[in-house]
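The values are calculated or read from the model by the stated rules, or taken from the named source; none is laboratory data. Note that the structure is a prediction, hence the values are computed from the model and not measured. Reconstructed Cβ throughout: ideal geometry from the backbone, glycine too, with neighbour counts over all protein chains shown.
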Amino acid sequence: MQESNQILDLEQAGLHSQESLYPFALEKELIRSVRSGERTEALHKLDRFVEELTTSGGKEMIIRQGMNQLLGVLLQQIILSGFSPQGLYNSPDLYNDLNKLREPEEMSAWFKEKLVLYMNALNETMSQVQDQWMQETVDKVIALMEQEYAQDISLESYSDRFGVSIYKLSSGFKEVTGINFIDYLTRLRLDKSKELLLTTNDKVNDIAYRVGYQPSYYYRVFKKHEGITPTKYREMYREGP
């Protein structure tokens, strides 16, 4: 030990033997499942983790050390995701709580309880974030529709623009506005056309083009929703008080 410039063989020194008892690969898989919100898979990985730790180590102290190390990894993940472990679990010292347990089954059950509590809180937070994000996305889509209603727009074009699946945008749009995209666009175009009918002397065919419709289709859609033709609408409301 007093000599310098020596090469030490770790295999001969045996320094790796104790570390190899800890299932690092399963730890990574477990945390990956937790981050993904896969509760069933996370609990399954925890079972495998405890099983491998038990069969590899055997001694209570080795198992306890492994579970403490896993707890440290979980607590780090909880803090990184913005939660307070003390607030989440209402406990001043989780390590002390864990170390009171002796049997692997007890440790596993205790750990599962903590894992489920965290994943529930995480999923709730993620859901709130996603709802807020969808609300903001739909608001942006509606703002663009107000500008682009006369163009050849579609839900698919907006899903590509905002990088969200057409299914999610469709369901999110209906949840926020109460109607689907096509019905909203139709109502927007008709409202714009009614404004033009009453405030301009433009021909009805020209108004149809200005709101994004072919004249023949515009007549049909207008009468279906309003019960009268665009020409009759103009005559009725321009002659009124």
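Filter the range 1-40 for residues that are hydroxyl-bearing (Ser, Thr, Tyr) and buried (at least 16 other Cβ atoms within 10 Å of the Cβ); which is modelled with the highest pLDDT?
The first filter runs over the range 1-40 and keeps only residues hydroxyl-bearing (Ser, Thr, Tyr), leaving 4, 17, 20, 22, 33, 36, 40.
Okay, now just the ones that are also buried (at least 16 other Cβ atoms within 10 Å of the Cβ), so 22, 33.
Numbers: TYR22: 86, SER33: 90.
Per the criteria, the residue is SER33.
Taking the stated definitions as given, is GLU146 exposed (fewer than 12 other Cβ atoms within 10 Å of the Cβ), part of a helix (DSSP H, G or I), touching a residue at least 40 places away in the same chain (Cβ under 8 Å) and not assigned by TED's automatic domain parsing to the domain that holds HIS225?
Numbers: exposed (fewer than 12 other Cβ atoms within 10 Å of the Cβ): yes; part of a helix (DSSP H, G or I): yes; touching a residue at least 40 places away in the same chain (Cβ under 8 Å): yes; not assigned by TED's automatic domain parsing to the domain that holds HIS225: yes.
The answer is yes for GLU146.
Is it the case that LEU70 is among the hydrophobic types (A, V, I, L, M, F, W, C), within 26 Å of GLY37 (Cα to Cα) and in contact with an Asp or Glu (Cβ under 7 Å, 6 or more places away or on another chain)? First the steps, then the outcome.
Values: among the hydrophobic types (A, V, I, L, M, F, W, C): yes; within 26 Å of GLY37 (Cα to Cα): yes; in contact with an Asp or Glu (Cβ under 7 Å, 6 or more places away or on another chain): yes.
The answer is yes for LEU70.
Taking the options LEU98, LEU71, LEU94, name whichever one is modelled with pLDDT of 90 or more and in contact with a Pro (Cβ under 8 Å, 6 or more places away or on another chain).
Working: LEU98 fails: in contact with a Pro (Cβ under 8 Å, 6 or more places away or on another chain); LEU71 fails: in contact with a Pro (Cβ under 8 Å, 6 or more places away or on another chain).
One residue alone meets the criteria, LEU94.
Hey, which of the helices (runs of 4 or more DSSP H) in the range 180-241, taking only ones fully inside, have at least 3 residues that are among the charged types (D, E, K, R)?
Numbers: elements: 181-199, 204-210, 215-226, 230-239.
Ranges flagged: 181-199, 215-226, 230-239.
Restricting to the range 163-179, what's the tally of residues that are loosely packed, with under 14 Cβ neighbours inside 10 Å and in contact with a helix residue (DSSP H, G or I) (Cβ under 7 Å, 6 or more places away or on another chain)?
1
Before we move on, is GLN151 in a loop (DSSP other than H, G, I, E, B), loosely packed, with under 13 Cβ neighbours inside 10 Å and out of contact with any strand residue (DSSP E or B) (no Cβ under 7 Å at 6 or more places or on another chain)? Walk me through it before giving the result.
Numbers: in a loop (DSSP other than H, G, I, E, B): yes; loosely packed, with under 13 Cβ neighbours inside 10 Å: yes; out of contact with any strand residue (DSSP E or B) (no Cβ under 7 Å at 6 or more places or on another chain): yes.
Considered against the rule, which asks whether it is in a loop (DSSP other than H, G, I, E, B), loosely packed, with under 13 Cβ neighbours inside 10 Å and out of contact with any strand residue (DSSP E or B) (no Cβ under 7 Å at 6 or more places or on another chain), GLN151 comes out as yes.
Answer yes or no as to whether TYR184 is buried (at least 17 other Cβ atoms within 10 Å of the Cβ), out of contact with any Leu (no Cβ under 9 Å at 6 or more places or on another chain) and hydroxyl-bearing (Ser, Thr, Tyr). If you could, list the steps in order and put the result at the bottom.
Working: buried (at least 17 other Cβ atoms within 10 Å of the Cβ): yes; out of contact with any Leu (no Cβ under 9 Å at 6 or more places or on another chain): yes; hydroxyl-bearing (Ser, Thr, Tyr): yes.
When the stated conditions are applied, TYR184 passes them.
Residue by residue through the range 41-55, note down the ones that are farther than 13 Å from GLU29 by Cβ and buried (at least 16 other Cβ atoms within 10 Å of the Cβ). Walk me through it before giving the result.
Taking the range 41-55 and keeping what is farther than 13 Å from GLU29 by Cβ, we get 50-51, 53-55.
Listed by number, the residues that qualify are VAL50, LEU53, THR54.
All but one of (1) modelled with pLDDT under 95; (2) over 15 Å from ARG210 (Cβ atoms) hold for ARG187; state the number of the condition that does not hold.
(1)
From the list VAL116, VAL141, which one is assigned to a helix (DSSP H, G or I) and either assigned by TED's automatic domain parsing to the domain that holds ARG35 or modelled with pLDDT under 95 (or both)?
On the way: VAL141 fails: either assigned by TED's automatic domain parsing to the domain that holds ARG35 or modelled with pLDDT under 95 (or both).
Among VAL116, VAL141, only VAL116 is assigned to a helix (DSSP H, G or I) and either assigned by TED's automatic domain parsing to the domain that holds ARG35 or modelled with pLDDT under 95 (or both).
Could you please give the count of residues in the range 167-208 that are of a type in the set (Val, Ile, Thr) and within 40 Å of the chain's Cα centre (by Cα)? Full working, then the answer.
Our first condition is that a residue be of a type in the set (Val, Ile, Thr); within the range 167-208, this holds for 176-177, 179, 182, 186, 199-200, 204, 207.
Next cut, within 40 Å of the chain's Cα centre (by Cα) only: 176-177, 179, 182, 186.
Of the residues in that region, 5 qualify.
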